[in-house]
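Let me begin by presenting the structure, written as structure tokens, before commenting on it.
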Amino acid sequence: MTEAMPLIFFGTVLVFLMLGFPVAFTLGGVSAFFGLATMGLNFFNLLPLRIWGVMSNYILIAVPLFVFMGVMLEKSGLAESLLETMALLFGRLRGGLAISVVVVGAMLAASTGIVGATVVTMGLLSLPTMLKRGYSPELATGTIAASGTLGQIIPPSIVLVLLGSILNVSVGDMFMGAVIPGIVLVGLYLLWIVITSILNPESAPAMPEKELAQFKGKKMYVQILRAFILPFFLVFAVLGSIFAGIASPTEAAAVGAFGATLLTIFQGKMTLQTLKDVMRETTHLTSMVFIILVGATAFSLVFRGMHGDRYLTELILGANLSPHLFLALVMVVIFVAGFFIDFIEITFIIVPIVAPIFVAMGVDLLWVGILIAVNLQTSFLTPPFGFALFYLKGVAPPEIKTSHIYKGIIPFIVIQLVALGLIVAVPETVTWFPEWILK
């Protein structure tokens, strides 16, 4: 019965989550019940110490700072300027508008890292234009939803901060390790759009020459410079300071938050109301992440108190699973879990359980962390509960049906899995850049 207790505990948490109970209170409440039952009142002496240890973690200060940076940039109008400029630059190509959405999604990911804000912004600005230009609803919605989730893997990403903290891997290394996989993913998205526009030209037409002609001239170069220099300045300030070893990720997040505020002022969008809205949204998002983290801390304490981590490690090692087979099993579990629960829940529930087993197997945790991050990105895209799909549907025109979004996202989910396979087959995609930088 003692060995079965961790499984009963884990199963109870999953049942309550599937029933729709709030994640933070499910983790905290079920953990308190089982903790009291197995450890007695001593559980309530241990839990505050664990929570204090998490809340005093210097690395996690980066979370509210990166959230602030992302929300502030959303208010700055930078995304709108980028989309307009990129659309006109690539407009003469078939599929040019879709290509511009992917490129802007990547740039916004490197600037903000907030999926909801990116998907909503690009959905409002790009989707009506793409439909007006004759794009198929499936290609348009799939491109926007997939591009909006690039903030999950392209640094600075909140997911990478959380994974680094849980796996006890340097967040700076996580950022560096994610650079090449992020570029590969963007490249695969662009390749798919090019292939689609060649095989099915009607689904991705070019922009009319009349609109392109209006863009040419001196105004074009001013607009290009204005649209590109500002986000590049911010990305360089944040990531450059980390990669050069000048600042820690937390310090770089503070630089990013300050830089985003300056850019909003420079764009003429800063008002007292804007500042209030940004602070309110930052507080809301940060509170959501940290209250789940408190619940996850209680879950981890009870699970380890029941020796669940030791039991699972012995079970896996006793089954003589190879590291690659165990990794495949974990990836499948995370992928399937992404259909039903949010990436934060997966990060805080599954990752702390499997991390000690990877350590025992001698697997590189940086590589595992990036694989998990890419896999978690699919949790935003997979029906029926992909959050990016919900965000997009919420701002889509009435003629866009849910079936359009579901059909459109399938090729991009396949691309995610192909990218995941490439990273598994070639670990150097993760490890080479950090090693090169740190030489």
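The values are calculated or read from the model by the stated rules, or taken from the named source; none is laboratory data. Because the structure is predicted, anything quoted here is derived from the model rather than measured. Please note: Cβ atoms are built from the backbone with ideal geometry, for glycine as well, and neighbour counts cover all protein chains shown.
List of remarks:
- Answer from 316, 341, 357 - the residue that is modelled with pLDDT under 85 and either among the acidic types (Asp, Glu) or assigned to a helix (DSSP H, G or I) (or both): 316
- Qualifying residue in region 3-14 (condition: modelled with pLDDT under 80, in a helix (DSSP H, G or I) and among the small types (Gly, Ala, Ser)): no
- You will find that of 300, 287, the residue that is within 23 Å of residue 62 (Cβ to Cβ) and either hydrophobic (A, V, I, L, M, F, W, C) or surrounded by 19 or more Cβ atoms within 10 Å (Cβ to Cβ) (or both) is 300 and no other.
- Any hit, region 297-311, residues being over 16 Å from residue 65 (Cβ atoms), of a type in the set (Val, Ile, Thr) and touching a residue at least 12 places away in the same chain (Cβ under 8 Å): yes
- Screening 380, 335 for residues that are buried (at least 24 other Cβ atoms within 10 Å of the Cβ) and under 16 Å from the mean Cα position of the chain (by Cα) leaves exactly one candidate, 380.
- Per the conditions (1) under 16 Å from the mean Cα position of the chain (by Cα); (2) surrounded by fewer than 17 Cβ atoms within 10 Å (Cβ to Cβ); (3) of a type in the set (A, V, I, L, M, F, W, C), the sole criterion not satisfied by residue 329 is (1).
- Listed conditions (1) surrounded by fewer than 24 Cβ atoms within 10 Å (Cβ to Cβ); (2) in a helix (DSSP H, G or I); (3) at pLDDT 85 or above; (4) over 15 Å from the mean Cα position of the chain (by Cα) are all met by residue 124, apart from (3).
- Test set (1) within 24 Å of residue 186 (Cβ to Cβ); (2) in contact with a Pro (Cβ under 7 Å, 6 or more places away or on another chain) - residue 382 fails condition number: (2)
- Subset tally (residues that are closer than 30 Å to residue 395 by Cα, in contact (Cβ under 8 Å) with a residue 60 or more places away in the chain and among the aliphatic types (A, V, I, L, M)) for region 151-177: 6
- Counted residues, region 406-439 - those being in contact with an Asp or Glu (Cβ under 8 Å, 6 or more places away or on another chain) and either of a type in the set (Gly, Ala, Ser) or more than 19 Å from residue 376 (Cα to Cα) (or both): 4
- All helices (runs of 4 or more DSSP H) inside region 371-439 with 2 or more residues being closer than 17 Å to residue 339 by Cβ and not charged (D, E, K, R): 387-395, 402-425
- Here residue 434 clears all of (1) at pLDDT below 90; (2) surrounded by 22 or more Cβ atoms within 10 Å (Cβ to Cβ) except the condition numbered (2).
- In region 150-205, residue farthest from the chain's Cα centre (by Cα) [restricted to those that are polar (S, T, N, Q) and surrounded by fewer than 22 Cβ atoms within 10 Å (Cβ to Cβ)]: 200
- Within region 245-268, one or more residues are touching a Lys or Arg at 6+ places or on another chain (Cβ under 7 Å) and part of a helix (DSSP H, G or I).
- Scanning region 127-148 for residues being at pLDDT 85 or above and either part of a helix (DSSP H, G or I) or under 19 Å from residue 260 (Cβ atoms) (or both) gives a total of 11.
- Any chance residue 282 is touching a Phe, Trp or Tyr at 6+ places or on another chain (Cβ under 6 Å), closer than 30 Å to residue 23 by Cβ and crowded, with 20+ Cβ neighbours inside 10 Å: yes
- Answer from 23, 67, 101 - the residue that is under 26 Å from residue 388 (Cα atoms), β-branched (Val, Ile, Thr) and surrounded by fewer than 23 Cβ atoms within 10 Å (Cβ to Cβ): 23
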